[in-house]
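Report on one structure; see the data block that follows.
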Amino acid sequence: MENIGVILTIAGPAHTASDGAGGAPRKRIEKTKATSPLLMGSPAASCDVLGQSIMDRVVARLRGFGAQRISIISEGKLAGCTATSTNASLYRAGSTPGFWPAWDSVVSEYLNQGMETLLLVRLGPYVELDLPDLLRFHRETASPLTQVYHRQDALDLVVVDAARLRDGTGSFRSRLSGLIPQRQRYAFTGYANRLTEPADFRRLVQDAFSGRCGLRPVGREVRPRIWYGENARVDRSATIVAPAFIGAETFVEASCTISGASSVERQCEVDCGTSVDDCCVFPGTYLGMGLNVTHALVKGSRLFHLNRKIEMEINDSRLIGATSTSRQLGRRARSVLGGNGTFGSSLVTRSSQLASLLTTRRFGRLS
Amino acid sequence: MVIKLPEYVGAKEARSFMRALQPELRRDRPRVVVDMSAVQDMDSAALDMLLDCMSQIARRDGAVKLAGISPQAATVLELTRMDQIFEMFPTVSEAASSFSMARVDNNKLSDEASAQPAVA
């Protein structure tokens, strides 16, 4: 692969889709469909999908194609993402000098290192790009700038001839703008998911389970289409219906049911008797006892209901919330000491007790 | 009796609700409709409150029905499986009219029951 430098940009929580700060080439090259970079309060790129964040997966994919120099410019803190984990240069532009000066300095660094081509990507949509094919197209058309299109929609994915950025005056951002009239369109026909809404994220997980995209769960396939991450603990009485993903260091307690192509990411806890159906549970989430979590994305105390299309904060840690460090340590200690997972039954909330009793009385069985 | 819940229902609101419920509980066969159209947020104190209300009314052979449930309240009720133990109606008027329909049905049943021996 030729000498290529990659710049991945991620907008932070402070910006919305309209200001374009997260997308280096977006507004100036071609207005794409409004895309929100945030998913339940954090950039979609930093969210885990079946054991690995989208950003880490994109970086790994680019490395697989031979891209050596990758820089990530983020406006906010990226949870679970470090320069070490991605093996890329990580810039936080949330403080000084700001997004565009940081972007300009990375471009300058790449040009000084003699890069021939720059790939500029705004991480928001998930795109399984065939990088060699894109670069071939870029070379064949001899265009200074190539923009990727998917079904007539412009994606925030651009290849730029580095030599053309070296010439000229002013900031690299303005030089890039000067190349827009000469751009070529590259029609991408592979898998792309814009991740503009929570439902898109859910679809991405479903597509990964069904093999419609190239995402693969990070973990051990313990039964056909059921994956467990490292140190995942599932009680023997729990029911896991394929396809499903249980992330690393996650606890699924007694009598739980995980079904409907659900993913429960790393360091979560699903407490006794809870059902999780058609859900994505984000890392570090606690689901209380006896709950029925369906058609939802859950991240800490935030819950997005996919059918009702509402996002709500549930301010009651007995129902849902963040997994506390002490609880996580306790679970780990009990698993080391050979606990049978029934310890938590002494912590039944009054609501779930009463609800169970009334359900039993009314229907003659526990639901 | 119709009781409308506020936007947020926590421990304080639950106490107010239970106080408001007392006069109805003194009656025989109390009938209560809880209007949940304004509820945006509720915690487990609110869920306890609904269950307390249900059990106290059931002891007096009455009924409690939930009406106009907001999407947020519906989500919490579904999450805690309480949607399976309460009767729920789209509007307060539908919930209220369900009481009178139940009475008609009961009367009809008792008429049929009393008529049976004559037929036999």
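The values are calculated or read from the model by the stated rules, or taken from the named source; none is laboratory data. Bear in mind that the values here come from a model prediction, so they are computed numbers and not experimental data. Cβ atoms come from the backbone with ideal geometry, glycine included; neighbour counts cover every protein chain shown.
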Odd one out for A:Val264, checked against (1) closer than 30 Å to A:Arg151 by Cβ; (2) not assigned by TED's automatic domain parsing to the domain that holds A:Phe137: (1)
The one condition in (1) part of a strand (DSSP E or B); (2) surrounded by 15 or more Cβ atoms within 10 Å (Cβ to Cβ); (3) without any contact (Cβ under 8 Å) to a residue 40 or more places away in the chain that A:Leu155 fails to fulfil: (3)
Among residues of the range A:271-298, those that are farther than 16 Å from A:Asp200 by Cα and not β-branched (Val, Ile, Thr), counted: 14
Given (1) more than 23 Å from A:Gly321 (Cβ to Cβ); (2) outside any helix (DSSP H, G or I), number of the condition B:Val39 does not satisfy: (1)
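Going by the structure shown, is A:Leu215 closer than 30 Å to A:Gly51 by Cα, modelled with pLDDT of 90 or more, crowded, with 21+ Cβ neighbours inside 10 Å and touching a strand residue (DSSP E or B) at 6+ places or on another chain (Cβ under 7 Å)?
On the way: closer than 30 Å to A:Gly51 by Cα: yes; modelled with pLDDT of 90 or more: yes; crowded, with 21+ Cβ neighbours inside 10 Å: yes; touching a strand residue (DSSP E or B) at 6+ places or on another chain (Cβ under 7 Å): yes.
Spelling it out, A:Leu215 is indeed closer than 30 Å to A:Gly51 by Cα, modelled with pLDDT of 90 or more, crowded, with 21+ Cβ neighbours inside 10 Å and touching a strand residue (DSSP E or B) at 6+ places or on another chain (Cβ under 7 Å).
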Where a residue in the range A:162-186 is without any contact (Cβ under 8 Å) to a residue 24 or more places away in the chain and its partner, wherever it lies, is hydrophobic (A, V, I, L, M, F, W, C) and part of a loop (DSSP other than H, G, I, E, B), with Cβ under 7 Å and at least six apart: A:Arg164/A:Leu179
Test: residue in the range A:184-206 that is in the same structural domain as A:Val159 (by TED's automatic domain parsing) and part of a helix (DSSP H, G or I): no
Pairs with Cβ under 8 Å, 6+ apart, first in the range B:47-69 and away from chain A (no Cβ under 14 Å), second β-branched (Val, Ile, Thr) and in a loop (DSSP other than H, G, I, E, B): B:Ala67/B:Thr91; B:Gly68/B:Thr91
3 or more residues within 10 Å of chain B (Cβ to nearest Cβ), without any contact (Cβ under 8 Å) to a residue 60 or more places away in the chain and touching a strand residue (DSSP E or B) at 6+ places or on another chain (Cβ under 6 Å): qualifying strands (runs of 3 or more DSSP E) within the range A:237-326: A:292-299
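Regarding A:Ser143, is this residue outside any helix (DSSP H, G or I) and free of Cβ contacts under 8 Å to residues at least 60 places away in the same chain? Spell out how you get there, then give the answer.
Details: outside any helix (DSSP H, G or I): yes; free of Cβ contacts under 8 Å to residues at least 60 places away in the same chain: yes.
Yes, satisfied.
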Residue selected from the range A:314-333 under the condition exposed (fewer than 14 other Cβ atoms within 10 Å of the Cβ) and either hydrophobic (A, V, I, L, M, F, W, C) or modelled with pLDDT of 65 or more (or both), by the criterion nearest to B:Glu7 (Cα to Cα): A:Ser324
